[in-house]
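Comments concern the structure below.
The values are calculated or read from the model by the stated rules, or taken from the named source; none is laboratory data. Model, not experiment: these values are computed from the prediction. As a convention, Cβ positions derive from the backbone with ideal geometry for all residues, glycine included, and neighbour counts pool all protein chains shown. All accessible areas refer to the heavy atoms of the entire protein, side chains included, with ligands and DNA or RNA removed. Shrake-Rupley method; radii C 1.70, N 1.55, O 1.52, S 1.80 Å.
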Amino acid sequence: MEFSIDRGEFTQALALTQGVVERRNTMPILANVLLEAGEDLSIAATDLEVHIKRRCGAKVAEAGAATVAARKFYELVRELAPGDVTIRLLDNHFVEVTSGRSRVRLVGLPAEDFPTFPQADGSSDSAFTIDVEILARMIDRTLFAVSTDDTRAHLGGVFLTGAGETLRFVGTDGHRLALVSESVGGASAPEKGIILPRKGLTELRRLVEGRDGEASVSIGGNVVRVELADVALVMRLIDGEFPNYEQVIPGEVKFRVAIAKDELLSALKRVSVVASDRSRGVRLALANGQMTVSASSPDFGEASEELEVSYDGDDLTVGFNSRYLTDVLAVLPDTQKVEIGLIDDVSPGVICSEGDDTYSYVVMPMRL
Amino acid sequence: MARIRQLPPHIVNKIAAGEVIERPASVVKELVENALDAGAKRIDVTVEEGGATRIRVQDDGHGMARDDLALAFRSHATSKLRDADDLFHIATMGFRGEALASIGSISRTTLRTREPEEETGYELVHETGEDGEVKVAAVHRGTTIDVQNLFMNVPVRRRFLKSPSVELGHVTDVMTRFAIAYPEIGFSLLHGKRRVLELDAARDMRERIGSLYGEALAKELIRVDSELDTTRLAGWIAPPHHDRPRQDRIFVFLNGRHIKDRTLIHAIHEGYRGLLMTRRHPTVFLTVEIDPQEVDVNVHPTKIEVRFRDSKPLHQLVRRSLRDALQSAELAPRVTAPSQGESTSGEAPKRDTASNEKDDVRDAIRDYLGSASRKSAVRDTGADRSLWAPTPAKDDVSREERATPSSVSPTGGRQASEPESETPRYAGPERESSERPASPSDRPISTSPSRGVAEPDAGFERVGGSFDGSTEDPEESADPSRPVQLHQTYILRETDDGFALTDQHALHERILYHRIHDRVRSGTVISQRLLIPETIDLTPGEIERLLAHQNELHRIGFEIRRQGEDGIAVHAIPDVLRKLPTRELVDQVVSWIGRDEEDQGGEKDFIDAFIEMAACKAAIKAGDPLEVEQMKDLLRQGDALPTSSSCPHGRPTTVRFTIADLEKWFRRIV
C-alpha cells in the first residue's frame, strides 16, 4: 500500500476519528486506525460500539490496507510540514510516513485483524433523510439530559421515535426529560423507537458540526447507520426498554410564568453559588409579577434575587436542582422568552421557549 | 398403666442438679457465690482434671454453726431467704437453696467449717444425697467445700464433660468474672499443682483488670460513672482500638452478679457506634447497681439471665454514659516505639561518654535530615503544582465570579470566563518567579474556612489552593503546621508533642457524617423527586416494614408509596445518593430496618446507617490529590468535631506519634 495526500486534509480527516478510538485499550487493534487505499483513501476507527469511516481523495500508488496507532499517527501528521505526505506499508506491518525530509516508521498491526465495518445490507427496518442542522439541534437539545449513570443503561442514550413526518428525540436521566419533535421530509422513523447511545451521538454531533446538507439515516437490526457526504457512522443501539416518557409530561399546567432567558440564567448562576452541596438546589418563589430565585446552605450562606415576570397566579415556591435549569436554558434560543409551567411543589415543572411547541423540558422538583 | 407418684427428694435434687450444675465451672460458680455471701475476703479454688475429679473452694468467711450443717444439703434450705417477699429484693448471690443440695446429690462432698468465734470446727461428708456423721475437726476459719467425683452417679453428664483443659477454661472464666466484680477480694485458682490465677486484694477494678489483662490495657481505660434515679452505672471501658473479634471482654455485673443481657450488650455497642468496625466488639467492664425491686434475677437457675421491669432507661443510661466517656477521652491511637531490649541499655553508658566528635556527627545527620525533608517537600509540592497549575488558576476565576456576581456579564455563557482561565496555565513559571520575593502576607488568601473541604463534590475543586504552594519560599517550607500529603492518601502534620498521620478519606467521611447528621436532625435533607416513580417488588413483610417507617424515611429524603400488592413506588430519593440505583438503595434500607427490628432497643438505627453510607459515598477518596490549603482546612474541620478519631466505619482517622517515640526509634533515648 502506498499513497500521498495533502497533510492539511489528512489531519482533518484523522481528527474526526479520534473520538471513537477506544481509550481503555482492551484490544490493541482498537487503538489503531485502519487506512485503506483503493480508488481513494478511507480512514476507519471503531470501539465496536461506534464505527466511523471517512473517505478522502488521495493519490494512490499501490492499493492495500494498514493499521497504525491512532493517536500517535494523528499527533505526527499534525506536526508535519505543510504539503504532501506519503504513507507506505513496509514489511512486518510497519508504516512509513515521509514528508519533506522527515521519515518516520511506525509500528502497525495486521489490517486483516481490524474489525470489519458493518455494511448496509439493504434490509433496513426504516430509513429517512434529515437536514444536518436540524439533526445537530435535536442532539443538542436532548443529549445533555441523558443519564451518565452506568447503572441505568436504558437511560444512557437518546430515544428516537417517529410518527408520520415527525421525528422525535427524547433524553432523560430520571430526574428531568428533554423532548424535541421536528417534522422531516419523507421520514419513516420507527414507531417503536430505538435508543441511540450517548457516545455514538456525541461522535455524530461532532461529524455534523459546521456542515450543511442532508444526512441519510437507516435503521436495521441492532444498528443505526448515518451517511453524510464523505463520512459514514454506524452505532450499535442500546438494548433496553425506554420508559414511557409520555406519561411524565403534564397535560395541563396550573401556573405559567414567562421570563427573559438571560435574566433567569444569570440569576441562577449567581444564586446557586451558595446552594448547598452537590445538589445545587435553588428555590423559585412566584408571586404576582415577580419571581424570587433563592438559595441557602448552612455552609456557604444565602442569596436571593428578584426578577420581574409576567405572572398573575397564586403564590408558589418550588425547589429545583439549579443545574437542571441552567442546562436547558443554555440550549434555548436567546431571542425568545422562557416559559415555565408549574403545578405545585411536588409535580413536574415544564420549561420551553415561548411560542415554540417543538421542544419541552420536564424537570422534577427537589425538597430543600 | 403407670401410677402417678411423688418423686423422692433425692431424685428431685438430681433433676435440679441437671439445671444448676452443667459442668465443673457451675460448681465453682455456686460455691464461690456462697463464699462471697459468707463475707469471705479471700477465696482459694483448687481443681483437678478440670474439676472432674475434684473441686475445692476454701473461704475465710463466717462459716456455719453445727446445727446448720444438718440442713446444709437439704434442698431449698437457705439462710438467705425467709419468705417469698424477700425474693423481690434479693441482695445476696445465692437464694434458691439449690446449690449445695444439687452438688451433694451428684458427688461426694466434704464440708468443713468453723465460725470465727468458735474454737472447734466441724466436718460433714455427704455422698450422692446421703448425709454422713457430723464430726468435730480441726479446720480453718471459714468454710471449705471439697467436691469429689462430680457426676459420679450421672454417667451421661460425666461422659459429656469435655477435656480437662476445656473445663479448666470454663472454670477460669468463672473465676475471672468474680475477680473483676470483686476486686477487693483475693482469689486464687490452682489446677493440680499449677497456679492459674493468683490475685491479691486490689484497690479497685482497674487495678484488678491490670493484673488480669496487663497494664497496657488498664492504663488506657476510661472511667464510667453515672447515675439515673436509683440506678448507678460504674466501671471502666477501653478505647475502641482494644476491640475484639468476640464479645469475650464485655463484662456486665448486675448487683455484683455477672449477667449476659441482650439489651445491655446492645446498649454497649450503641455507645461505641461509629467507633468500631462491623463484627468487632469493645472491651468493657461495667457494674450496674439497681434497686433489686427493679429486676427479676430469678429467671434462670444459673441466674445469668435477668428481667428488668423497664429496660429502656437502663439502655439509655448505658449508651449515653459510654458515648460521653468515649467522647471526652482522647481516642486517637498512639503508636509507641518498640520497647528496647537489654542490649540497648548496655549501650547507654557508652553514649554518655560520647566525644564531641560524635555530637558533631549527630548534628550533621540532623542537618542532613532537616534539609532532606525540606527537599522532599519541595519536590512533592513542586510536582503537584505543575500538575495542578491550571486548576488553581481556574478556581481563582470561578471564585471571583462567585464572590462578585455583578462581574458576570448578563450574557455570561459558560464560555465567558474561559479565555481568562486559560492564560495562567502558560504563565506558570513566570508567575512563580515573580511571586517568590513577595512576603507571605501578600499572597492571596486562598480560601475561607467556612467554604470547606467538606462540600462533597465540587468542594475540593473549589477550595483548590491558589499558588501558595510556592515552595521556594523558605518561610513557607519551614512552616511547622504545614501538612504534607503522603501517597495521596494520608496527611502528615506536626503536633505539639510529635506528629500525626491522618487518613484523608476517613476524616472527611467523619466530617460529612456529622454534617449529614445535622441535616437529618434539622429536617433539611435534600430530596430529588423522580420523573418516573420507580416500582420495586418486595415481600409483604418488607413493604410493611418500609411503610411503618414512612416518617423517618421522609426525613432522610425518601418518598415511598404502596404500589399494588407486592411492590412500592419510590417517588423521591435523597439527593446525596442519587448515583446509586434506586433498587439497591431500597434493598439496603429494608435490610437496615430489619436489623433494627432484630436488635430491638436501638430505635431508628437505619437512619444512622443511612448517614454512614451517604458520608462514605460523598467523601474524598484515597488517591485524591489535595492542596495544602485543602489539607489544612480538612484538618481544621476534623479538629472541630466532637469525635473524629474514627471514621463512621470505625477505622481510625488519625494516628499520633510522639517525639519521644521518635527519639526511641533513633536511640536518642532508651
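When B:V590, B:V576, B:V570 are checked against the criterion of being modelled with pLDDT of 80 or more, out of contact with any strand residue (DSSP E or B) (no Cβ under 9 Å at 6 or more places or on another chain) and within 11 Å of another protein chain (Cβ to nearest Cβ), a single residue qualifies: B:V576. For segment B:593-603, the condition of being within 14 Å of chain A (Cβ to nearest Cβ) and buried (at least 18 other Cβ atoms within 10 Å of the Cβ) holds for none of the residues.
When segment A:147-166 is filtered for residues that are buried (at least 17 other Cβ atoms within 10 Å of the Cβ) and more than 11 Å from every other protein chain (Cβ to nearest Cβ), the ones remaining, listed by number, are A:G156, A:G157, A:V158, A:F159, A:L160, A:T161, A:G162.
Close contacts from segment B:480-509, counting a first residue that is free of Cβ contacts under 8 Å to residues at least 24 places away in the same chain and under 14 Å from B:V655 (Cα atoms) and a second that is open to solvent by less than 50 Å² (accessible area, probe 1.4 Å) and in a strand (DSSP E or B), with Cβ to Cβ under 7 Å and a gap of 6+ residues or different chains, come to B:Y490/B:L501; B:Y490/B:T502; B:Y490/B:D503; B:L492/B:V484; B:L492/B:F499; B:L492/B:L501. Considering every residue within segment A:220-241, establish whether at least one is within 14 Å of chain B (Cβ to nearest Cβ), crowded, with 16+ Cβ neighbours inside 10 Å and part of a loop (DSSP other than H, G, I, E, B). No.
Taking the numbered list (1) over 20 Å from B:M613 (Cα atoms); (2) surrounded by fewer than 21 Cβ atoms within 10 Å (Cβ to Cβ); (3) not polar (S, T, N, Q) in turn, B:P581 passes all entries but (1). Looking across segment B:124-171, the residues that are hydroxyl-bearing (S, T, Y) and open to solvent by less than 30 Å² (accessible area, probe 1.4 Å) come down to B:T143, B:T144. Listed by first and then second residue, the pairs linking a residue in segment A:126-142 that is farther than 21 Å from A:G220 by Cα to a residue that is in a helix (DSSP H, G or I) and open to solvent by less than 10 Å² (accessible area, probe 1.4 Å), with Cβ atoms under 6 Å apart and 6 or more places separating them unless they lie on different chains, are A:A136/A:V208.
Of the strands (runs of 3 or more DSSP E) lying entirely inside segment A:246-358, those containing at least 3 residues that are within 14 Å of another protein chain (Cβ to nearest Cβ) are A:281-287, A:290-297, A:301-308, A:316-321, A:349-353. Only residues that are farther than 30 Å from B:L634 by Cβ, free of Cβ contacts under 8 Å to residues at least 12 places away in the same chain and open to solvent by 20 Å² or more (accessible area, probe 1.4 Å) were counted in segment B:510-539, giving 1. On inspection, A:F169 does not qualify as within 14 Å of another protein chain (Cβ to nearest Cβ) and under 18 Å from the mean Cα position of the chain (by Cα). Checking each residue of segment B:575-592 against the condition of being without any contact (Cβ under 8 Å) to a residue 24 or more places away in the chain and of a type in the set (G, A, S) gives at least one match. A count restricted to segment B:258-306 and to residues that are among the charged types (D, E, K, R), at pLDDT 85 or above and surrounded by 19 or more Cβ atoms within 10 Å (Cβ to Cβ) stands at 2.
Per-residue answers, yes or no, for (1) open to solvent by 20 Å² or more (accessible area, probe 1.4 Å); (2) in contact (Cβ under 8 Å) with a residue 24 or more places away in the chain; (3) in the same structural domain as B:G142 (by TED's automatic domain parsing):
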| residue | (1), (2), (3) |
| --- | --- |
| B:K29 | yes, yes, yes |
| B:N34 | yes, yes, yes |
| B:G39 | yes, no, yes |
| B:E48 | yes, yes, yes |
| B:I55 | no, yes, yes |
| B:D60 | yes, yes, yes |
| B:G63 | no, yes, yes |
| B:D68 | yes, no, yes |
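Being assigned to a helix (DSSP H, G or I) and under 20 Å from the mean Cα position of the chain (by Cα) holds for only one residue in A:T148, A:T129, A:T161, A:T142, and it is A:T142. Looking across segment B:209-227, the residues that are modelled with pLDDT of 85 or more and either in the same structural domain as B:L189 (by TED's automatic domain parsing) or open to solvent by 70 Å² or more (accessible area, probe 1.4 Å) (or both) come down to B:S211, B:K219, B:E220, B:R223, B:D225, B:E227. So A:L286 fits all but one of (1) under 18 Å from A:S347 (Cα atoms); (2) open to solvent by 40 Å² or more (accessible area, probe 1.4 Å); what number is the exception? A:L286 satisfies every listed condition except (2). Kindly check whether there is at least one residue in segment A:56-63 that is part of a loop (DSSP other than H, G, I, E, B) and either aromatic (F, W, Y) or within 25 Å of the chain's Cα centre (by Cα) (or both). No, every residue in segment A:56-63 fails to be part of a loop (DSSP other than H, G, I, E, B) and either aromatic (F, W, Y) or within 25 Å of the chain's Cα centre (by Cα) (or both). Summed over segment B:554-578, the residues that are closer than 13 Å to B:E542 by Cα and buried (at least 22 other Cβ atoms within 10 Å of the Cβ) give a count of 2.
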